[in-house]
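For reference, the structure is listed below as structure tokens.
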Amino acid sequence: MNLPLKAQVKNGKLVLDEPTDLPEGEIVELVPLDEVLARGGDFLDDEDRAALHRELDASIAEAKESKFIDAEDVLAELRAMK
């Protein structure tokens with residue numbers, strides 16, 4: 001799926017600003033950006049947020065121990081996954 005999709009309101013209708021590879025007839029829920037930001041900027045539930053904070057704490061602890069991975073190496077690995 002090619003998300004997020006951007007649309008503008010024109011004459012009372014939502015008009016996509018760019019093409020998509022979604023299949024014809026696909027139903028997509030559009031949520032105003034202000035609403036997403038009002039919810040804290042994401043759709044994490046309590047369990048997902050707790051998992052995120054555990055991972056962040058672990059990353060901070062590794063950084064304090066100088067256990068770093070070079071950003072260029074990470075980016076190269078991510079690009080190779082495509």
Looking only at the range 62-75, decide whether some residue is among the hydroxyl-bearing types (Ser, Thr, Tyr), surrounded by 10 or more Cβ atoms within 10 Å (Cβ to Cβ) and more than 17 Å from the chain's Cα centre (by Cα). no
Is it the case that some residue within the range 10-17 is at pLDDT 75 or above and under 18 Å from the mean Cα position of the chain (by Cα)? no
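The values are calculated or read from the model by the stated rules, or taken from the named source; none is laboratory data. No experiment lies behind these values; they were computed from the predicted model shown. All Cβ positions, glycine included, derive from the backbone under ideal geometry; neighbour counts span all protein chains shown.
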